[in-house]
């Protein structure tokens, strides 16, 4: 098998604040057919392949997995929709309806579905990370015109704004020839220069309480952290693992197992290219108040800020990180996507440095990082109170 992965350097952060959701809309539109190929999926399926895509605040990624001998089919399809996507009123209306329905089902009519619609604008004041990939409002997609859509495509869906990674047991010279055959005549376009407003340093504690008809009350503590290219990014990742990666993590043992304040609790990072978030989230047990939980949580946070991890605790975290990475890298698709992402960050070869970087992290590094990130003035908290009478 082989993978043809196309990463476009466009995500929700590249949208106009008054016209959001376009990157995600295009994830769907790109499967609506091109001028020369009215149906994208059928030729790929006939070649024994499958495909999908995803959108984030930073990127839009499309991938095809198919037998290695048939990669030309994927290159033909991907290059053709890059060159001549079909902008028909019917395709726009169909995909618009799909996205609107997804907005309703996943974000408005599902328990905890609107959490990121509430948390992002609380945590971010200026950076376009303040809206979710689905968009700020259904209205923005409902009101999208054909002119808006064509302008967005012309601006972002060009060779100069894309990274193509082809992975598999293939002959390099043959692959180069096929890429030249299918992409060589496509105009490169102008590389989009991103005029993003840098998020100002947060210096105040923010909190918002919303009431929803959900099974149990939930909490989301969002701490600002460094972006993907910062030297301490992997330290922050390790810190989040120490706090709440699994059942042996600090918050799980203390707040769930010992004090029985929560039914679940996790800590993770968003992995954003620009200023990201370290999130502590979970659900309260019945009869436990937000205040009671808040007090206990900050006690645990203060511990990890004042006393270094024991070396055996750090060793356990690093073994789990390394094991997780090794399992992930077994998949050809994951390797192709990770290579594409690192190329976007500046150098695909950096994928080979991850194990070395993690292995050099010390307990003192994590202590220092905890003191930089886990400050109350650097925290935005969304509390979702369970109320059966709420919407």
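Has segment 8-27 got at least one residue that is farther than 29 Å from residue 228 by Cβ and exposed (fewer than 15 other Cβ atoms within 10 Å of the Cβ)?
Scanning segment 8-27, I find no residue that is farther than 29 Å from residue 228 by Cβ and exposed (fewer than 15 other Cβ atoms within 10 Å of the Cβ), so the answer is no.
Check segment 40-57 and report whether any residue there is in a strand (DSSP E or B), assigned by TED's automatic domain parsing to the domain that holds residue 140 and touching a residue at least 60 places away in the same chain (Cβ under 8 Å). Within segment 40-57, one or more residues are in a strand (DSSP E or B), assigned by TED's automatic domain parsing to the domain that holds residue 140 and touching a residue at least 60 places away in the same chain (Cβ under 8 Å). For segment 267-275, the criterion of being in a helix (DSSP H, G or I), out of contact with any strand residue (DSSP E or B) (no Cβ under 7 Å at 6 or more places or on another chain) and modelled with pLDDT of 95 or more is satisfied by no residue at all. What is the residue count in segment 69-85 for residues that are more than 26 Å from the chain's Cα centre (by Cα), within 23 Å of residue 25 (Cβ to Cβ) and crowded, with 18+ Cβ neighbours inside 10 Å? Final tally of qualifying residues: 2. If I filter segment 285-298 for residues that are under 16 Å from residue 221 (Cα atoms), crowded, with 19+ Cβ neighbours inside 10 Å and modelled with pLDDT of 95 or more, do I get at least one hit? Yes: segment 285-298 contains one or more residues that are under 16 Å from residue 221 (Cα atoms), crowded, with 19+ Cβ neighbours inside 10 Å and modelled with pLDDT of 95 or more.
One residue stands out in segment 231-258 among those that are outside any helix (DSSP H, G or I) and at pLDDT below 95: the one that is nearest to residue 122 (Cα to Cα), namely 245. Residue 66: at pLDDT below 95 and either more than 20 Å from the chain's Cα centre (by Cα) or not assigned by TED's automatic domain parsing to the domain that holds residue 171 (or both), yes or no? Taking the combined requirement at face value, the residue does not satisfy it. Number of residues in segment 166-178 that are in a helix (DSSP H, G or I) and in contact with a helix residue (DSSP H, G or I) (Cβ under 6 Å, 6 or more places away or on another chain): the value is 1. Going by the conditions given, is residue 31 within 25 Å of the chain's Cα centre (by Cα), assigned to a loop (DSSP other than H, G, I, E, B) and assigned by TED's automatic domain parsing to the domain that holds residue 139? Here the answer is yes, as residue 31 does meet what is asked.
When residue 210 is tested against (1) in a strand (DSSP E or B); (2) exposed (fewer than 13 other Cβ atoms within 10 Å of the Cβ), just one condition goes unmet, and that condition is (2). Does residue 224 satisfy the criteria of being free of Cβ contacts under 8 Å to residues at least 60 places away in the same chain, surrounded by 14 or more Cβ atoms within 10 Å (Cβ to Cβ) and over 22 Å from residue 322 (Cβ atoms)? Spelling it out, it is not the case that residue 224 is free of Cβ contacts under 8 Å to residues at least 60 places away in the same chain, surrounded by 14 or more Cβ atoms within 10 Å (Cβ to Cβ) and over 22 Å from residue 322 (Cβ atoms).
One line per residue, one yes/no per condition, for (1) surrounded by fewer than 16 Cβ atoms within 10 Å (Cβ to Cβ); (2) part of a helix (DSSP H, G or I):
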{"site": "111", "(1), (2)": "yes, no"}
{"site": "117", "(1), (2)": "no, yes"}
{"site": "136", "(1), (2)": "no, no"}
{"site": "140", "(1), (2)": "no, yes"}
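Among the residues of segment 92-109, none qualifies, meaning not one is in the same structural domain as residue 179 (by TED's automatic domain parsing), under 30 Å from residue 174 (Cβ atoms), out of contact with any strand residue (DSSP E or B) (no Cβ under 7 Å at 6 or more places or on another chain) and crowded, with 16+ Cβ neighbours inside 10 Å.
Taken over segment 142-165, the criterion of being closer than 16 Å to residue 8 by Cβ, in contact with a strand residue (DSSP E or B) (Cβ under 8 Å, 6 or more places away or on another chain) and outside any helix (DSSP H, G or I) is satisfied by 157, 162, 163, 164, 165.
Checked against (1) touching a helix residue (DSSP H, G or I) at 6+ places or on another chain (Cβ under 9 Å); (2) under 26 Å from residue 34 (Cα atoms); (3) crowded, with 18+ Cβ neighbours inside 10 Å, residue 128 meets all criteria but (2).
The number of residues in segment 186-215 being over 25 Å from the mean Cα position of the chain (by Cα) and without any contact (Cβ under 8 Å) to a residue 40 or more places away in the chain comes to 4.
The values are calculated or read from the model by the stated rules, or taken from the named source; none is laboratory data. Since the model is a prediction, treat every value here as computed from it, not as a measurement. Note: ideal-geometry Cβ built from the backbone for every residue, glycine included; neighbour counts use all protein chains shown.
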